[in-house]
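Heads up: the structure comes next, in structure tokens.
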Ligand code: HEM
């Protein structure tokens, strides 16, 4: 039992290599330029992956263009994108690691309960990165900082889904 607990810690530890100060600053500054585009970001995710939209009971089967203007869509977008903002605010400071784990644990639990598989989270990630590429000043350093940050978050998430 003890062996498995230690092994689990090693696996999580190996996945979650902390971002360098530069990488954390890069992720935070690029995110700051789009973080309030909540409706645009969720709409881009739904447009790229209609199978994600189909999992939302309120939005399944509805026309995205008109949905985008609704208050319900803005509220949901605010929750989902706001959650990402909470996580990003915590990166770059090792003492925030327990808070990051708690948040990701909540995300995993609530989505596991809804039967959302890692493959759909990967789709979400792909759409989010495509949005960033199109809307922030993107270059190799920005890409590698986001890749490191998202690898950490998704590694922790997938270990609990
Ligand atoms: C990193 C990616 C994601 C984040 C940060 C995220 C975050 C959230 C948050 C904060 C909520 C509201 C609180 C809650 O009910 O748990 C939520 C609800 C929900 N999420 Fe996600 N989510 C993500 C990916 C996904 C994906 C990929 C799907 C489906 C394929 C999905 C489906 C849902 C559904 C169905 C709800 C409930 C909506 C409702 O109340 O009607 N989420 N998500």
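Values in this text are rule-based calculations from the coordinates and carry no lab data. Computed from a predicted model, the values in this text were never measured in an experiment. For neighbour counting, all protein chains shown are included, and Cβ atoms are generated from backbone atoms with ideal geometry for every residue, glycine included.
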What helices (runs of 4 or more DSSP H) lie completely within the stretch 63-152 and have 3 or more residues being buried (at least 16 other Cβ atoms within 10 Å of the Cβ) and in contact with a helix residue (DSSP H, G or I) (Cβ under 9 Å, 6 or more places away or on another chain)?
71-90, 97-113, 118-135
Condition met for residue 156 (outside any helix (DSSP H, G or I), over 21 Å from residue 41 (Cα atoms) and touching a helix residue (DSSP H, G or I) at 6+ places or on another chain (Cβ under 8 Å))
no
Of the residues in the stretch 25-60, those that are under 17 Å from residue 117 (Cα atoms), free of Cβ contacts under 8 Å to residues at least 40 places away in the same chain and surrounded by 15 or more Cβ atoms within 10 Å (Cβ to Cβ) come to 46, 53, 56
Tabulated pairs, the stretch 84-111, first in contact (Cβ under 8 Å) with a residue 24 or more places away in the chain and over 22 Å from residue 34 (Cα atoms), second near the ligand (Cβ under 9 Å from one of its atoms) and assigned to a helix (DSSP H, G or I), C-beta under 6 angstrom, 6+ apart or interchain:
108/157
